[in-house]
1. Quickly run through the stretch 44-53 and pick out the residues that are open to solvent by 60 Å² or more (accessible area, probe 1.4 Å) and within 16 Å of Ala22 (Cβ to Cβ).
2. Please go through the stretch 71-88 and give me each residue that is without any contact (Cβ under 8 Å) to a residue 40 or more places away in the chain and closer than 19 Å to Asp23 by Cβ, ordered by number.
3. Taking the condition under 14 Å from Ala34 (Cα atoms) and either modelled with pLDDT of 90 or more or surrounded by 13 or more Cβ atoms within 10 Å (Cβ to Cβ) (or both), does Ala89 pass?
4. Hey, which of the helices (runs of 4 or more DSSP H) in the stretch 1-74, taking only ones fully inside, have at least 1 residues that are modelled with pLDDT of 90 or more and closer than 21 Å to Glu91 by Cα?
5. Can you tell me which residue within the stretch 28-43, out of those that are open to solvent by less than 50 Å² (accessible area, probe 1.4 Å) and without any contact (Cβ under 8 Å) to a residue 60 or more places away in the chain, is nearest to Leu81 (Cα to Cα)?
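The values are calculated or read from the model by the stated rules, or taken from the named source; none is laboratory data. Just so it is clear, the structure is predicted and the values come from calculations on it, not from any experiment. Here the Cβ positions follow ideal geometry from the backbone for every residue, glycine too, while neighbour counts run over all protein chains shown. The protein model used for the area step is the full one, side chains on, heavy atoms only, and it has no ligands, DNA or RNA in it. Shrake-Rupley method; radii C 1.70, N 1.55, O 1.52, S 1.80 Å.
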Amino acid sequence: MAASPASPARDADIARAATALADASRARILLALAEGRALPASVLATEAGVSASTVSGHLAKLLEAGVVRVERQGRHRYYRLTGPAVGEAIEALARIAPPLPVTSLRASTHANALRRARTCYDHVAGGLGVALMGALLERGVLTGGDGRHHPETAERDRLSAP
């Protein structure tokens with residue numbers, strides 16, 4: 001019996017990637033980077049609520065796991081996610097994770113701002129993103145419907161296809 005080729009998921013070191021994400025400070029770093037921008041370590045330290053020396057260790061672990069990369073511009077170093085797949089994984093985990101408890105005014109303000117408007121790697125999200133999409137559909141800038149393909153009524157439906 002011939003061996004079947006192994007699937008990429010079977011060969012993936014999921015535990016290594018999960019370990020990189022399993023720390024609350026590293027998770028906050030990745031959420032900050034999920035917006036798609038490259039950020040310096042000083043900003044990531046603030047986002048994670050840790051010192052500059054501590055964020056350095058976290059960034060080393062994220063680099064080793066292959067979920068972030070570093071870009072140098074002169075003497076500055078900027079960090080970003082390695083690609084859309086990392087952002088998608090973070091979004092998928094965020095959908096199944098329980099909400100963080102709000103224990104301060106700062107946390108409440110931040111949570112409300114994220115619900116209102118945010119970006120995630122390659123798309124606009126939050127209430128503002130939904131409202132923007134609705135306004136574009138309402139004004140005819142975009143055409144669409146319920147996101148499903150209805151072959152009996154679709155004549156020129158380019159946004160949804162079978």
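1. Across the stretch 44-53, there are no qualifying residues.
2. Across the stretch 71-88, the qualifying residue is only Thr82.
3. yes
4. Hits in the stretch 1-74: 24-33, 41-48, 52-65.
5. Leu33
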